[in-house]
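Trainee: The following block contains the structure, expressed as structure tokens.
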Amino acid sequence: MADTVTALLEARSDDDGVAILWQDRSWTWREHVAEARRWAAALLSVADPARPVHVGTLLGNTPDMLTALAAGALGGYVTVGLNDTRRGAALTADIARADVQLLLVDAEHRPLLDGLELPGVRVFDTTSAEWADLVAGAGALTPLRVPTAMDPFMLIFTSGTSGNPKPVRLPHLMLPFAGPPLIDRFGLGADDVCYLSMPLFHSAAILGGYSVAIGAGAAIAPAKFSATGFLADIRRYGATYMNYVGKPLAYLLATPERPDDADNPLRVAFGNEASDRDIDEFGRRFDCTVWDGYGSTELAVIITREPGTPPGSIGKGFPGVAVYRSATGTECAAAEFDEHGALTNADEAIGEIVNTGGGGLFAGYYNDDAATAERMRGQMYWSGDLGYRDRDGWIYLAGRTADWMRVDGENLAAGPIERILTRLPGLSRVAVYGVPDGQVGDAVMAALVLRADAELTPAAFAEFLGAQADLSPKAWPRYVRIAADLPSTATNKILKRELKLAGATAGDGVLWVRRRDGDYLPSAQ
């Protein structure tokens, strides 16, 4: 069995099945692997072997990005997935932090480098004549090394929802480890088409999409995510499988429903962080199976749904996954619920999701021993995600460690409140967070995005909250921000830190404030 991306690709070198579908073109696996070898030979011909041979990519989801990934594996060097939503000093810092010496861009992304000081970095535009000449004259490939299972295939930056992004070493082994279970579960093969619209610089698309395609010999249709263009793409490419991360399902469900939405070839959508409602509605509307799981960029904690998963739960963890109190390093109590399903022992049950068996396949952050040590405290991996687990082992997310709120002497977590608010008809996306309050410590604030055809009044919102028997009165939002959109990362995760910095303001929307009698009134802001 292959244990590296290199071996997976080499096994496709004589495969005349379709590897890539892009607009009106297609490439076979034979053509794709041959082109990737030429790219690898070209890059190694100009690389400095005395420095880390790290090749950065600013290429979007395109055939060039797929070729760059394959070239890194075949050439035995490390590909650095650079976030193409980063700008200026932040992008410069990422490039430097990952020790990038060669940087691939295309015409679309070349302007991102304008004005940046990148000492020691050679930039190649893959759409230029210079690059075409370099590839044509490179000759046969002599790999830098033949990678082993735990050698890094990529450096992938964390999403940065709770701090500066950190480059995670992604071992080669992770792809042949991640792909086969999904291939087997969904019966995927060479006749399938994997639609990859999540950023290929991030682990979600690499492990939930790319690994599946190269393992199954399925075609890859790379794309830039578009809620309005999604269904046309699925039909155009005959896509049978897709992956997602964050809130794409919510974006797609916010588009007007059409009677023929289910008339499409999609069979499976796999990803994480979708709400129960979005999972059910997406499966119904587009007539496909939706399977949602949990996994951090660091890949040390894996939680999967299985038959019988209760509403609100993300499933059960792999061996070693538990919920611990970070202050004491001890396991949290099992969650208890009242007759309405409300968590009654939040202080004792909510803690940080950990892997008590260690870091799993987490190979550490590149050039950041301090951050690695922070994740690996007491020989356990600490995810930074809050959760709680019931007596039957079902795990529920409660937010990030920064999502604790202290409201009038009671600890509240954002996750359970968000899950309740997703029941609100017409809601597309929601974020719950705390804002400072001089009298009660924190005030609960909710930022809501409604679907295009939805309407919500302050009175209707208060009536909805009053009907939720499992919502504590202290968890009712004091402030409600109704916005057209919410700040998010390139992987569709809501940036709560930006919302918190804005405080109890309307931002670019409107603000409602709850009065003592429980009614909400529009703010004069």
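The values are calculated or read from the model by the stated rules, or taken from the named source; none is laboratory data. Please read all numbers here as calculations on a predicted model, not as lab measurements. Methodologically, a virtual Cβ is constructed for each residue, glycine included, from the backbone with ideal geometry; neighbour enumeration extends over all protein chains shown.
Trainee: Taking Glu273, is it surrounded by fewer than 24 Cβ atoms within 10 Å (Cβ to Cβ), under 30 Å from Met150 (Cβ atoms) and within 21 Å of the chain's Cα centre (by Cα)?
Mentor: So Glu273 passes the test.
Residues checked against (1) over 26 Å from Thr28 (Cα atoms); (2) crowded, with 23+ Cβ neighbours inside 10 Å; (3) without any contact (Cβ under 8 Å) to a residue 12 or more places away in the chain; (4) touching a helix residue (DSSP H, G or I) at 6+ places or on another chain (Cβ under 8 Å):
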{"residue": "Leu43", "(1), (2), (3), (4)": "no, yes, no, yes"}
{"residue": "Pro52", "(1), (2), (3), (4)": "yes, no, no, no"}
{"residue": "Val55", "(1), (2), (3), (4)": "no, yes, no, yes"}
{"residue": "Leu58", "(1), (2), (3), (4)": "no, yes, no, yes"}
{"residue": "Thr85", "(1), (2), (3), (4)": "yes, no, no, no"}
{"residue": "Arg97", "(1), (2), (3), (4)": "yes, no, no, no"}
{"residue": "Pro119", "(1), (2), (3), (4)": "yes, no, yes, no"}
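Trainee: Within the range 387-409, restricting attention to residues that are assigned to a strand (DSSP E or B) and at pLDDT below 90, which residue is farthest from Val321 (Cα to Cα)?
Mentor: Top of the filtered list is Val407.
Trainee: May I ask you to say which residue of Arg478, Arg497 is in contact (Cβ under 8 Å) with a residue 60 or more places away in the chain and of a type in the set (Lys, Arg)?
Mentor: The unique qualifying residue is Arg497.
Trainee: Scan the range 258-270 for residues that are more than 16 Å from the chain's Cα centre (by Cα) and of a type outside the set (D, E, K, R) and jot them down.
Mentor: The answer is Pro259, Ala262, Asn264, Pro265, Leu266, Val268.
Trainee: Let me ask you something else. Suppose we filter Ala19, Ala70 for residues that are surrounded by 21 or more Cβ atoms within 10 Å (Cβ to Cβ), over 23 Å from Pro167 (Cβ atoms) and among the small types (Gly, Ala, Ser); which single one remains?
Mentor: Of Ala19, Ala70, the one residue that is surrounded by 21 or more Cβ atoms within 10 Å (Cβ to Cβ), over 23 Å from Pro167 (Cβ atoms) and among the small types (Gly, Ala, Ser) is Ala19.
Trainee: Now for a separate question. If Asp470 satisfies every condition in (1) surrounded by fewer than 22 Cβ atoms within 10 Å (Cβ to Cβ); (2) closer than 20 Å to Lys493 by Cα but one, which is the exception?
Mentor: For Asp470, the failing item is (2).
Trainee: What is the one condition in (1) within 30 Å of Phe318 (Cα to Cα); (2) touching a residue at least 40 places away in the same chain (Cβ under 8 Å) that Gly139 does not satisfy?
Mentor: (1)
Trainee: I've got another one for you. Identify the single condition in (1) of a type outside the set (Ser, Thr, Tyr); (2) without any contact (Cβ under 8 Å) to a residue 60 or more places away in the chain; (3) over 29 Å from Glu463 (Cβ atoms) that Arg375 does not satisfy, given that it satisfies every other one.
Mentor: Condition (2) is where Arg375 drops out.
Trainee: Also: Only one residue in Ala68, Ala47, Ala93 is touching a helix residue (DSSP H, G or I) at 6+ places or on another chain (Cβ under 8 Å) and hydrophobic (A, V, I, L, M, F, W, C), so which one is that?
Mentor: Selected residue: Ala68, the only one of Ala68, Ala47, Ala93 that is touching a helix residue (DSSP H, G or I) at 6+ places or on another chain (Cβ under 8 Å) and hydrophobic (A, V, I, L, M, F, W, C).
Trainee: Only residues in the range 450-469 that are assigned to a helix (DSSP H, G or I) count as the first member; pair them with residues that are buried (at least 17 other Cβ atoms within 10 Å of the Cβ), Cβ under 7 angstrom, at least 6 apart or cross-chain, and list the lot.
Mentor: As it stands, the answer is Pro458/Trp512; Pro458/Tyr520; Phe461/Val480; Phe461/Tyr520; Ala462/Tyr520; Phe464/Leu424; Leu465/Leu471; Leu465/Trp476, since those pairs meet every condition given.
Trainee: Show the residue pairs that are 6+ apart or on different chains and have beta-carbon atoms under 6 Å apart, the first residue being within the range 11-24 and part of a loop (DSSP other than H, G, I, E, B), the second being of a type in the set (Phe, Trp, Tyr).
Mentor: If the second residue must be of a type in the set (Phe, Trp, Tyr), the pairs left are Arg12/Trp29; Asp15/Trp29; Gly17/Trp29.
Trainee: Being touching a Cys at 6+ places or on another chain (Cβ under 9 Å), touching a residue at least 40 places away in the same chain (Cβ under 8 Å), surrounded by 18 or more Cβ atoms within 10 Å (Cβ to Cβ) and not hydrophobic (A, V, I, L, M, F, W, C) narrows it down to one of Tyr365, Tyr396, Tyr388, so name that one.
Mentor: None of the others qualify; the one that does is Tyr388.
Trainee: In the set Leu188, Leu196, Leu155, Leu134, which member is in the same structural domain as Ala11 (by TED's automatic domain parsing) and closer than 18 Å to Val80 by Cβ?
Mentor: Leu155
Trainee: From Asp287, Asp292, Asp260, grab the single residue that is over 30 Å from Ala373 (Cα atoms), in contact (Cβ under 8 Å) with a residue 12 or more places away in the chain and of a type in the set (Asp, Glu).
Mentor: The conditions single out Asp287.
Trainee: Go through the range 368-382 and report how many residues are surrounded by fewer than 22 Cβ atoms within 10 Å (Cβ to Cβ) and among the hydroxyl-bearing types (Ser, Thr, Tyr).
Mentor: Of the residues in that region, 1 qualify.
Trainee: Count, please, the residues in the range 147-192 that happen to be within 12 Å of Asp3 (Cα to Cα) and part of a loop (DSSP other than H, G, I, E, B).
Mentor: 7
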